[in-house]
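Okay, structure first, notes after.
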Amino acid sequence: MSDHEQQQPAPRRGKVLEALARAERKVFTRPAPKSANAQVKFLLTRVKGSTKALAERLGVSRRTVERYRAGELSTPQKRLQAALVEETESEWQPQVRAQARAAASTSRGMMVEVTAYFGFTCTGSSDDGRERQITTDISPLYVKQILALQEAGATEEDLHPIVAEAITESYFTEWGTRADGLRADFTSVSSISFRF
């Protein structure tokens with residue numbers, strides 16, 4: 001079996017982290033490279049031409065990177081294809097992404113659409129926990145915290161409490177105008193998406 005075929009399993013991101021990555025991809029002003037050859041060439045520019053550094057990032061051998069760059073290989077296996085797409089999109093148009101993140105964390109905020117099980121604790125009475133589909137704005141204060149956690153390498157479990165708190169403030173307590181003391185937690189996230 002060649003080193004091209006001996007690849008590590010693709011890392012899996014949680015739904016919140018994946019939703020944040022999708023939101024960033026939607027702000028691109030130009031499409032990212034699509035072919036494996038173009039993706040490898042682009043990523044090599046980001047690692048200053050080091051095939052060794054790129055091979056380590058992708059979890060493949062140096063020779064595999066060289067073969068894609070030369071055009072000897074063109075159809076990567078699923079794990080490598082996923083790694084190429086993720087790495088390319090994480091490096092693509094950094095200034096555009098930075099501007100969208102800055103605007104969202106200082107003035108604009110973000111929109112979140114989530115379907116998840118919400119449970120509640122409060123000083124008064126409340127509805128029992130249940131699955132809800134919610135679409136609401138998140139204030140820039142919470143966006144800043146969420147994006148800072150994401151950049152710091154937070155896990156899905158690290159992000160759930162802050163996203164739940166942001167949704168509680170905007171949706172359930174309407175920015176502090178009702179349901180004083182309510183705290184909502186969400187689990188079993190069926191789907192989530194963010195929009196800058």
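How many nm separate the modelled label positions at A82 and A38, each set 7 Å beyond the Cα in the direction of the Cβ?
Going from the A82 label point to the A38 one covers 2.3 nm.
If you average 1/r across every pair of different Cα atoms in the chain and take the reciprocal, what Kirkwood value do you get, in Å?
18.8 Å
How long is the gain from A103 to A148 if the chain were fully straight, where each residue apart is worth 0.36 nm and the alpha carbon distance is subtracted?
Extra length available between A103 and A148 comes to 14.8 nm.
What percent does the relative contact order of the chain come to when contacts are Cα pairs within less than 8 Å and at least six residues apart?
Value for the chain: 26 percent.
If you add up the charges near E87, with Lys and Arg at +1 and Asp and Glu at -1, over every other residue whose beta carbon is less than 10 angstrom from its beta carbon, what do you get? Before the final figure, lay out each step's value.
Details: positive: R46, R57; negative: E86, E89, E91.
Neighbour charge sum, excluding E87 itself: -1.
With a probe of 1.4 Å, find how much accessible area the chain has per residue, and write the answer as a whole number in Å². Walk me through the numbers on the way to the answer.
On the way: 10890 Å² over 196 residues.
So the chain comes to 56 Å² accessible per residue, rounded to a whole number.
Within the accessible area of region 63-112, what % is carbon and sulfur when the probe is 1.4 Å and the other protein chains stay in place?
Roughly 49 percent, rounded to a whole number.
The values are calculated or read from the model by the stated rules, or taken from the named source; none is laboratory data. This one's a predicted model, so the numbers in the text were calculated from it and none came from an experiment. Glycine also receives a Cβ, built like all others from the backbone with ideal geometry; neighbour counts cover every protein chain displayed. Keep in mind that these areas ignore ligands, DNA and RNA; they rest on the heavy atoms of the full protein, side chains included. Shrake-Rupley method; radii C 1.70, N 1.55, O 1.52, S 1.80 Å.
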